[in-house]
1. Which residue, of Met216, Met165, Met249, is among the aliphatic types (A, V, I, L, M) and modelled with pLDDT under 85?
2. Residues that are free of Cβ contacts under 8 Å to residues at least 24 places away in the same chain, in contact with a Lys or Arg (Cβ under 7 Å, 6 or more places away or on another chain) and not assigned by TED's automatic domain parsing to the domain that holds Pro140: does the range 302-318 have at least one?
3. Would you be able to say whether some residue in the range 304-313 is open to solvent by 60 Å² or more (accessible area, probe 1.4 Å) and assigned to a loop (DSSP other than H, G, I, E, B)?
4. Please indicate, with yes or no, whether at least one residue in the range 254-273 is free of Cβ contacts under 8 Å to residues at least 12 places away in the same chain, in the same structural domain as Glu229 (by TED's automatic domain parsing) and in a strand (DSSP E or B).
5. Identify, please: which residue in the range 66-98 is in contact with an Asp or Glu (Cβ under 8 Å, 6 or more places away or on another chain) and away from the ligand (no atom under 16 Å from the Cβ) and is, among those, nearest to Asp328 (Cα to Cα)?
6. Give the residue, chosen from Arg35, Arg51, Arg63, Arg59, that is within 27 Å of the chain's Cα centre (by Cα), charged (D, E, K, R) and either modelled with pLDDT under 95 or within 16 Å of the ligand (Cβ to nearest atom) (or both).
7. What's the total number of residues in the range 274-287 that are modelled with pLDDT of 95 or more and either in a loop (DSSP other than H, G, I, E, B) or of a type in the set (Phe, Trp, Tyr) (or both)?
8. From the set of residues in the range 242-260 that are under 25 Å from the mean Cα position of the chain (by Cα) and more than 12 Å from Ile206 (Cα to Cα), which is most open to solvent (accessible area, probe 1.4 Å)?
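The values are calculated or read from the model by the stated rules, or taken from the named source; none is laboratory data. No experiment lies behind these values; they were computed from the predicted model shown. As a convention, Cβ positions derive from the backbone with ideal geometry for all residues, glycine included, and neighbour counts pool all protein chains shown. All accessible areas refer to the heavy atoms of the entire protein, side chains included, with ligands and DNA or RNA removed. Shrake-Rupley method; radii C 1.70, N 1.55, O 1.52, S 1.80 Å.
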Amino acid sequence: MTQHHLHSKESRNLAKTLNGMNAEAAAEQWLAKARWGDDDKQGCPACGLFRKHYRRKARQQWRCANPNCSHEFSVTSGTPFHGHKLSFVNILRLFSAFENGAKGQSLLEASRRVGCTPKTVQAFFGKIREWMVGTMDLRPLDGTVHIDGGYFCGKPRKPNRKIRMPKDALKVRFGRKAPENASQPWIEAGMTYRNWCKRANKRVVISLCQSAGHRMGSGRSMAFICTAENESEVTRLAKHFIHPESRVMTDESNAYGVLGAYVAEHYTVSHAHEFSTPEGVSDNMCETFFSRFRRSEYGTLHGFRPKYLQDYACEFVWRENHRRHAQDKRFNMLLTGLMTSSVSQWWAGYWQGRHRKEELGLDYFLARLPSTK
Ligand SMILES: [Zn+2]
């Protein structure tokens, strides 16, 4: 039997390099190589001149060699880590911690490893997720594609007492109307208003996974927060993200009834009876995606805020898509991606209270597509 990819040497080939590298200078050089692709030359962020600039060793900076510019910059100037206070070694350690977390990475655990506050880690990981949101591959999926929806956030805690009462009684009880999204016709008698309101935070994430081949799991996937798991949202997804020639498999939810009009073949599996039919119809790639995402919600991150749910969904799409790559390849992919990006839109100024206002979802990605602009 072939070796499982998680047991292969390639899935743990980074520790040796990281352990041998305690010097700040080596870490800086690693970051510089990721950013400029060269050991010895740098690109000035102000004028763009690419050459060996004057080194200001004591300040870990360079001074631009162009006499008309003379801009002073460091390896992180103009990147998402512009103005950081973390040491270069700790930046690499946080990248490593993020990369290693199969079910996401706990903020507290990473902060203990590096010796910074959880808030620092939150902003750092937020920037990585911002890059993942920006680089999620939106080209239409083809071949065999599975689609399914999963519900996240907005789960009230179980109340103390298990007596049910009709929902209308809620208004009498709290003097207020039940929040929207509250679809259940009854509530538990022990429910508090604050607890009940959590239901309004419930979101549906619809994932689309393209098969990598027989028994290979998914090769490429996407996930979007939608307003509901219904026909109109599925239509929008099918139009933009699924190739018309694809074979699509879903469960028997009414939302997917429209798919026949947009794709070559549509098969369904009845989850009341089985996960996979004898003919091989299933949506197991989506179930796998949601299983990992759910374990992260419960076990590692202990809950998402709806505002950042799409960011987390993109993180798990990235983890899913690159799960079989060698560890150093994944690490360098993150490093190069972030070091060649510009200053963060959503996390710069986070410490001064400038937090992102909007919640991302399907509309955000549709606006990014060239055809719908
Ligand atoms: Zn310059």
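1. Just one listed residue meets the conditions, Met165.
2. No, because not a single residue in the range 302-318 is free of Cβ contacts under 8 Å to residues at least 24 places away in the same chain, in contact with a Lys or Arg (Cβ under 7 Å, 6 or more places away or on another chain) and not assigned by TED's automatic domain parsing to the domain that holds Pro140.
3. Yes: the range 304-313 contains one or more residues that are open to solvent by 60 Å² or more (accessible area, probe 1.4 Å) and assigned to a loop (DSSP other than H, G, I, E, B).
4. no
5. Ala97
6. From the options Arg35, Arg51, Arg63, Arg59, the qualifying one is Arg35.
7. 0
8. Only one residue tops the list, namely His243.
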